[in-house]
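A.B. asks: Input: one structure, supplied below.
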Amino acid sequence: MRQGMKSTDKNIWHMSSIELYVNRLDSVESVLPYEYNTFDFCHDFKKPSPSENLGQVLFGERITSSPYEFSFNKSETCVKVCMKSYDTAKEDQKKKLDFLKRGMQLNYQHHWIIDNMPVVWCRDINGGNKYCTTGFPIGCFVTQSGVSSDACFMHENKQIRWGSRWDYILVSMSHTRIQWFSILNSFVVVLFLTGMVAMIILRTLHKDIIRYNQEDIQKDYGWKLVHGDVFRPPRHGMLLSILLGQGTQVLIMTFITLFLACLGFLSPANRGALMTCSVVLWVLMGASAGYVSAKVYKSFRGLKWKTNFLLTALLCPGVVFVDIFIMNLILWIEGSSSAISFGTLIGILALWFGISVPLTFLGAYVGSFQKFDYPVSTNQIPRHIPHQDFIRRPLFSIIIGGVLPFGCIFIQLFFILNSIWSHQMYIMFGFLFLVFIILLITCSEATILLCYFHLCSEDYHWWWRAFLTSSFTAVYFFAYAVYYFFARLKITGIASTILYFGYTMIMVLIFFLFTGTIGFFSCFIFISKIYSVVKVD
């Protein structure tokens, strides 16, 4: 809250007015948020509303002025702001009343903002504990017997200093407490994988290299046997290179965004900053997508680099845009505040085609003149691959490869989904960044481990398998999102269900791209290294 003038002699605070803004209203039982003015509340159309950044617009935040007035250091209760009465015989008034009732039944929440801080509502739950959330119900549903579904009272703490007001809000919410079990669980998985990879590299692989380089060994066997085919271009190399380019773009965007959030630049106090930063970084990283895609495609001996550029710039972003457009159409039909205006859609297209596409072309042009250097040459005739048993077939290894990376993130994933769909505040960016690093390490090690086993069985088709092994984590992501929808949420209605799964698919696609990219390049570096230290004819 804004402080008034402080007297140095008598320590008296003078009263000053405090601005209160209202944000959109949302509910855990519906994906459809609504603007404050959609409901028949007390309105104030005279005061100007604060400007919104790109992130707030995309997230559907609609911060407007309110008719509520407060004064610092002045206690007031039950001050009348306006009166509302409804005549159910009139159709327009009956609709307003029914809409309010529907909002109460679905437990829609007010979100007030004072001094850029959310108003916190606390209530007692079982066991004498206190549950706090950023928002409070628009009303209490009371049965005919007088039983209310929610306790309509608030807890106040008057011992909090003004400079520590955000700390109180964050600590008072049980879901923001640090989940050490999640970090410990992730570390155990990483240590397990690191131990296995170290055992292979320091023992098995080291012994293999010594044997292969001995002059008296006349016959090749194991992974050395496929040295003439291991870098043979894969099928559908165009599509793989496009996915790798987009995955690199998303990976860099995610890393920088989480790093900045970890440093506190994208705190909850800066509303919309997280989404704004992500969009800007994604646009600027178009050059990296074009460069990686063109270079990989060139290494696959591809000749249609212009087609590669166009698909890199349009394929995955186009899928996301179509998804967003369909979701936005549903929001517009339902009258939700999250519906993006036509002008904003034009602005997004301008960022895409005006900045991202040209940068993608620039990166593709540079990358089309380069390619990766392979340590061994490729034979003209492909080598026959021996019959593989079930556990060494691609599908089985891909399914197994995604389990461990998902095991590192599923607890943090719960809190992320809570922040999105249960409208809870997420502030554990430092630990999220740490889990993100652990995820990258786990994806790399799991892919390398399985890749080595397949090479030892003389199966040299590793390109797509390396990408899909780690990217299969996204499938588990989607399965968990389905479980979360049915087990944790109370969403009703076809529109809300479509919106939930529509936006979930965007998150799954993003996750699919950057995890697959990590697995691919980790495996590529590993294979290039081991074949560069053995003698081949």
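A.B. asks: Within the range 223-246, how many residues are farther than 18 Å from Trp305 by Cα and in contact with a Leu (Cβ under 8 Å, 6 or more places away or on another chain)?
C.D. replies: Of the residues in the range 223-246, the ones farther than 18 Å from Trp305 by Cα are 223-232.
With the extra rule that they be in contact with a Leu (Cβ under 8 Å, 6 or more places away or on another chain), the set shrinks to 223, 226, 230.
Of the residues in the range 223-246, 3 are farther than 18 Å from Trp305 by Cα and in contact with a Leu (Cβ under 8 Å, 6 or more places away or on another chain).
A.B. asks: For the subset of the range 118-153 comprising residues that are touching a helix residue (DSSP H, G or I) at 6+ places or on another chain (Cβ under 6 Å) and closer than 18 Å to Ser422 by Cβ, which member is modelled with the lowest pLDDT?
C.D. replies: Checking each candidate, the answer is Val120.
A.B. asks: Tell me, please, whether a residue that is in contact (Cβ under 8 Å) with a residue 40 or more places away in the chain, assigned to a loop (DSSP other than H, G, I, E, B) and among the charged types (D, E, K, R) can be found in the range 90-107.
C.D. replies: no
A.B. asks: Could you count how many residues in the range 396-413 are at pLDDT 85 or above and either charged (D, E, K, R) or surrounded by fewer than 17 Cβ atoms within 10 Å (Cβ to Cβ) (or both)?
C.D. replies: Residues in the range 396-413 being at pLDDT 85 or above and either charged (D, E, K, R) or surrounded by fewer than 17 Cβ atoms within 10 Å (Cβ to Cβ) (or both): 4 in total.
A.B. asks: Going by the structure shown, is Val534 open to solvent by 10 Å² or more (accessible area, probe 1.4 Å) and under 17 Å from the mean Cα position of the chain (by Cα)? Break it down into steps so the answer makes sense when it comes.
C.D. replies: On the way: open to solvent by 10 Å² or more (accessible area, probe 1.4 Å): yes; under 17 Å from the mean Cα position of the chain (by Cα): no.
So Val534 fails the test.
A.B. asks: Same structure again: In the range 29-61, which residues are touching a helix residue (DSSP H, G or I) at 6+ places or on another chain (Cβ under 7 Å) and not aromatic (Phe, Trp, Tyr)? Give the derivation first.
C.D. replies: Taking the range 29-61 as the starting set, the residues that turn out to be touching a helix residue (DSSP H, G or I) at 6+ places or on another chain (Cβ under 7 Å) are 30-32, 39-40, 43, 53-55, 57-59.
Passing the criteria: Ser30, Val31, Leu32, Asp40, His43, Asn53, Leu54, Gly55, Val57, Leu58.
A.B. asks: Before we move on, is Ser397 among the small types (Gly, Ala, Ser), touching a residue at least 12 places away in the same chain (Cβ under 8 Å) and over 20 Å from Phe187 (Cβ atoms)? It would help to see each step written out before you state the result.
C.D. replies: Numbers: among the small types (Gly, Ala, Ser): yes; touching a residue at least 12 places away in the same chain (Cβ under 8 Å): yes; over 20 Å from Phe187 (Cβ atoms): yes.
Yes, satisfied.
A.B. asks: Of these, Ala495, Ala479, Ala466, which one is open to solvent by less than 10 Å² (accessible area, probe 1.4 Å) and either part of a helix (DSSP H, G or I) or among the hydrophobic types (A, V, I, L, M, F, W, C) (or both)?
C.D. replies: Working: Ala495 fails: open to solvent by less than 10 Å² (accessible area, probe 1.4 Å); Ala479 fails: open to solvent by less than 10 Å² (accessible area, probe 1.4 Å).
Result of the check over Ala495, Ala479, Ala466: Ala466.
A.B. asks: Here's a check for you: in the range 431-463, which residue that is among the acidic types (Asp, Glu) and outside any helix (DSSP H, G or I) is nearest to Thr504 (Cα to Cα)?
C.D. replies: In the first step, residues of the range 431-463 are kept if they are among the acidic types (Asp, Glu); the result is 445, 458-459.
Then keep just the ones that are outside any helix (DSSP H, G or I); that gives 458-459.
Numbers: Glu458: 39, Asp459: 35 Å.
Looking at residues that are among the acidic types (Asp, Glu) and outside any helix (DSSP H, G or I), I get Asp459.
A.B. asks: While we're here: Which of the residues that make up the range 363-375 are open to solvent by 30 Å² or more (accessible area, probe 1.4 Å) and either more than 30 Å from Ile527 (Cβ to Cβ) or of a type in the set (S, T, N, Q) (or both)? Break it down stepwise before answering.
C.D. replies: Here is the first cut: in the range 363-375, the residues open to solvent by 30 Å² or more (accessible area, probe 1.4 Å) are 365-366, 369-375.
Passing the criteria: only Gln370.
A.B. asks: Scan the helices (runs of 4 or more DSSP H) fully inside the range 243-362 and keep the ones with 3 or more residues being over 24 Å from Phe433 (Cα atoms) and open to solvent by 30 Å² or more (accessible area, probe 1.4 Å). First the steps, then the outcome.
C.D. replies: Numbers: elements: 273-284, 286-299, 305-334, 342-351.
Of the helices (runs of 4 or more DSSP H) lying wholly inside the range 243-362, those with at least 3 residues that are over 24 Å from Phe433 (Cα atoms) and open to solvent by 30 Å² or more (accessible area, probe 1.4 Å) span 286-299, 305-334, 342-351.
A.B. asks: Provide a single number: the residues in the range 482-492 that are open to solvent by 20 Å² or more (accessible area, probe 1.4 Å), of a type outside the set (A, V, I, L, M, F, W, C) and within 21 Å of Met507 (Cβ to Cβ).
C.D. replies: Selection size over the range 482-492: 3.
A.B. asks: Looking only at the range 47-73, count every residue that is touching a residue at least 12 places away in the same chain (Cβ under 8 Å), part of a loop (DSSP other than H, G, I, E, B) and on the phi < 0 side of the Ramachandran plot and tell me the total.
C.D. replies: So the answer is 14.
A.B. asks: Looking at the range 1-30 only, could you name the residues that are at pLDDT below 75 and open to solvent by less than 60 Å² (accessible area, probe 1.4 Å)?
C.D. replies: Gly4, Ser7, Ser16 - these are the residues of the range 1-30 that are at pLDDT below 75 and open to solvent by less than 60 Å² (accessible area, probe 1.4 Å).
A.B. asks: Evaluate the range 380-403: report whether one residue or more is part of a loop (DSSP other than H, G, I, E, B) and under 30 Å from Tyr483 (Cα atoms).
C.D. replies: Taking every residue of the range 380-403 in turn, at least one turns out to be part of a loop (DSSP other than H, G, I, E, B) and under 30 Å from Tyr483 (Cα atoms).
A.B. asks: Do you know which of the residues in the range 45-83 that are touching a Phe, Trp or Tyr at 6+ places or on another chain (Cβ under 7 Å) and either open to solvent by 100 Å² or more (accessible area, probe 1.4 Å) or of a type in the set (A, V, I, L, M) (or both) is farthest from His423 (Cα to Cα)?
C.D. replies: Asn73
A.B. asks: Please verify whether the range 108-117 includes one or more residues that are out of contact with any helix residue (DSSP H, G or I) (no Cβ under 8 Å at 6 or more places or on another chain), surrounded by 17 or more Cβ atoms within 10 Å (Cβ to Cβ), in a loop (DSSP other than H, G, I, E, B) and at positive phi.
C.D. replies: The answer is no; no qualifying residue exists.
The values are calculated or read from the model by the stated rules, or taken from the named source; none is laboratory data. Just so it is clear, the model here is predicted, and its values are computed rather than measured. In this analysis, Cβ positions are derived from the backbone assuming ideal geometry, glycine residues included, and neighbour counts consider all displayed protein chains. Heads up: the accessible areas ignore ligands, DNA and RNA and are worked out on the full protein's heavy atoms, side chains in. Shrake-Rupley method; radii C 1.70, N 1.55, O 1.52, S 1.80 Å.
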